[in-house]
Amino acid sequence: MNNSAVNTGRVLWAGLRALLVLTVICGVLYPLAVTGIAQAAFPGRANGSEVKDASGKVVGSELIGQTYEDLRWFQPRPSNGLGANSVNTRYRLILSGATNRSGDNADLIAWVKDAKAAVIKDNSVNGYTVKPSDVPADAVTSSGSGLDPHISPEYAKLQIHRVAEKNHLTVARVDRLVADHTDGRILGFVGEPRVNVLRLNIALKALTAGQ
């Protein structure tokens, strides 16, 4: 056997050994270590930030929005990213993404106008009329991902009278429910105050069940 063949064999064997070692380290040991640390230190986040209802059933993730067809529930931001599909039906999600339309796009303007009209119509009830100036931006626009689970406190408060009427609750009680589920800025200065719609509706369900 000549030296060239021997050298080639040594290089191939060294490469194979490196492949096996790195596969075990990077493909087995490292993922197991990261998973173990995550499960020990942040089990909730490691498992997808799952949210459970009063019965202990997992009903979604606090990081992903959901649709609510019945107007007795608080509504999320409008989004093409929420709905049914044949790929992932567990939480009725479809692929995320923004509209990619500019602010002067005719379709986007029409969508916003239609959404605003719907918000005014749906939330104007006996003794309470929503004015166009009352409608916040997040009530008529989707987030960049299309899957934002939060709404602004302003949008949540705009829905209080409708939710109270349809669930036979007092406005004051629903207003207190919204206040209890409004999160402030992170560390007091990062981001904006927000309301997680899923957690709010779970609390609403528990409240109406106890009537």
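The values are calculated or read from the model by the stated rules, or taken from the named source; none is laboratory data. In this text, all values refer to a predicted model and were calculated from it rather than measured experimentally. All Cβ positions, glycine included, derive from the backbone under ideal geometry; neighbour counts span all protein chains shown.
Data table
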item: ASP122 being acidic (Asp, Glu), within 17 Å of TYR68 (Cα to Cα) and surrounded by 18 or more Cβ atoms within 10 Å (Cβ to Cβ); result: no
item: Enumeration of residues in the stretch 87-115 that are surrounded by 12 or more Cβ atoms within 10 Å (Cβ to Cβ) and at pLDDT 80 or above; result: ASN105, LEU108, ILE109, TRP111, VAL112, ASP114, ALA115
item: Matching residues, the stretch 146-171, being touching a residue at least 24 places away in the same chain (Cβ under 8 Å) and small (Gly, Ala, Ser); result: GLY146, SER152, ALA156
item: Single residue of TYR128, TYR155 found to be at pLDDT 90 or above, among the aromatic types (Phe, Trp, Tyr) and under 16 Å from THR67 (Cα atoms); result: TYR155
item: Test: residue in the stretch 157-178 that is in contact with a Pro (Cβ under 7 Å, 6 or more places away or on another chain) and of a type outside the set (A, V, I, L, M); result: no
item: Count of the stretch 185-202 residues which are within 19 Å of ILE160 (Cβ to Cβ) and either without any contact (Cβ under 8 Å) to a residue 40 or more places away in the chain or assigned to a helix (DSSP H, G or I) (or both); result: 6
item: Of residues in the stretch 125-145 being of a type in the set (Val, Ile, Thr) and in contact (Cβ under 8 Å) with a residue 12 or more places away in the chain, the one surrounded by the fewest Cβ atoms within 10 Å (Cβ to Cβ); result: VAL125
item: Count of residues meeting criterion [surrounded by fewer than 21 Cβ atoms within 10 Å (Cβ to Cβ) and not in a loop (DSSP other than H, G, I, E, B)] in the stretch 146-157; result: 3
item: Count of residues meeting criterion [within 20 Å of GLY103 (Cα to Cα), polar (S, T, N, Q) and not in a helix (DSSP H, G or I)] in the stretch 113-141; result: 1
